[in-house]
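Take a look at the structure set out below.
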Amino acid sequence: NYSSRIIEPIQSRCAIFRFSPLKDEDIEKQLRIIAEKEGLQLFDDGLEAIIYLAKGDMRYAINTLQAAASLDKTITQESVYKVAGTAHPEKIRGILRLAIQGKFVEARKELMDLIQHLGLSGIDLVRQIHEEIFKLKELSSRNNGARWRKKVYTLYGKRRTNRNNVSTYFKTKS
């Protein structure tokens, strides 16, 4: 929980504890124990999906396991992403790769498919795209990243600053 979301009168009467994220191995071990005791069939891809989504938060990991188990006793990657309301990271990377290759129409089509057919939130997708963009191998080297940004800048539009020093973007004519 975020302590900033708690009103001041309550915060003044509480001690705030901050915990660092747990290691993936520790979450995996605990989830396997829970799955065994609950009689769940936890596939490796389902476990990896939970660990990816939890980002070191055991409570989130257990809640996601419980939500997936409410659908079926077999926990797979698909069931985990379904209950979490999140796109598969590889799907997001695919969209980013299409954009890097200059295939913006195809990338947009894939993105719209995630929003319309899977019912994913646009805001959540933007957060997930932000996360995944730094993991792409195509952008890992400094030269490649700079070259890609220049290409997107050239293809998509020009930047200008108005009188109020606010940056705006507009589409260039082809």
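Summary table below
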| item | result |
| --- | --- |
| Pair list, Cβ under 8 Å, 6 or more apart: the range 15-44 residue touching a residue at least 40 places away in the same chain (Cβ under 8 Å), other residue among the β-branched types (Val, Ile, Thr) and open to solvent by less than 70 Å² (accessible area, probe 1.4 Å) | 35/75 |
| Residue match in the range 111-131 (condition: more than 20 Å from the chain's Cα centre (by Cα) and at pLDDT below 85) | no |
| Single unsatisfied condition, residue 109 versus (1) without any contact (Cβ under 8 Å) to a residue 12 or more places away in the chain; (2) surrounded by 14 or more Cβ atoms within 10 Å (Cβ to Cβ) | (2) |
| Residue among 119, 102 that alone is touching a helix residue (DSSP H, G or I) at 6+ places or on another chain (Cβ under 7 Å), at positive phi and not acidic (Asp, Glu) | 102 |
| Test: residue 83 is of a type in the set (A, V, I, L, M, F, W, C), open to solvent by 40 Å² or more (accessible area, probe 1.4 Å), within 18 Å of the chain's Cα centre (by Cα) and at pLDDT below 90 | no |
| Within the range 1-51, considering residues that are open to solvent by 80 Å² or more (accessible area, probe 1.4 Å) and among the β-branched types (Val, Ile, Thr), the one farthest from residue 77 (Cα to Cα) | 10 |
| Inter-residue pairs, beta-carbon under 9 Å, first closer than 18 Å to residue 55 by Cβ and in the range 117-142, second modelled with pLDDT under 80 and not in a loop (DSSP other than H, G, I, E, B), 6+ apart | 133/139 |
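The values are calculated or read from the model by the stated rules, or taken from the named source; none is laboratory data. Since this is a predicted model, take the numbers as computed values, not measurements. Methodologically, a virtual Cβ is constructed for each residue, glycine included, from the backbone with ideal geometry; neighbour enumeration extends over all protein chains shown. Heads up: the accessible areas ignore ligands, DNA and RNA and are worked out on the full protein's heavy atoms, side chains in. Shrake-Rupley method; radii C 1.70, N 1.55, O 1.52, S 1.80 Å.
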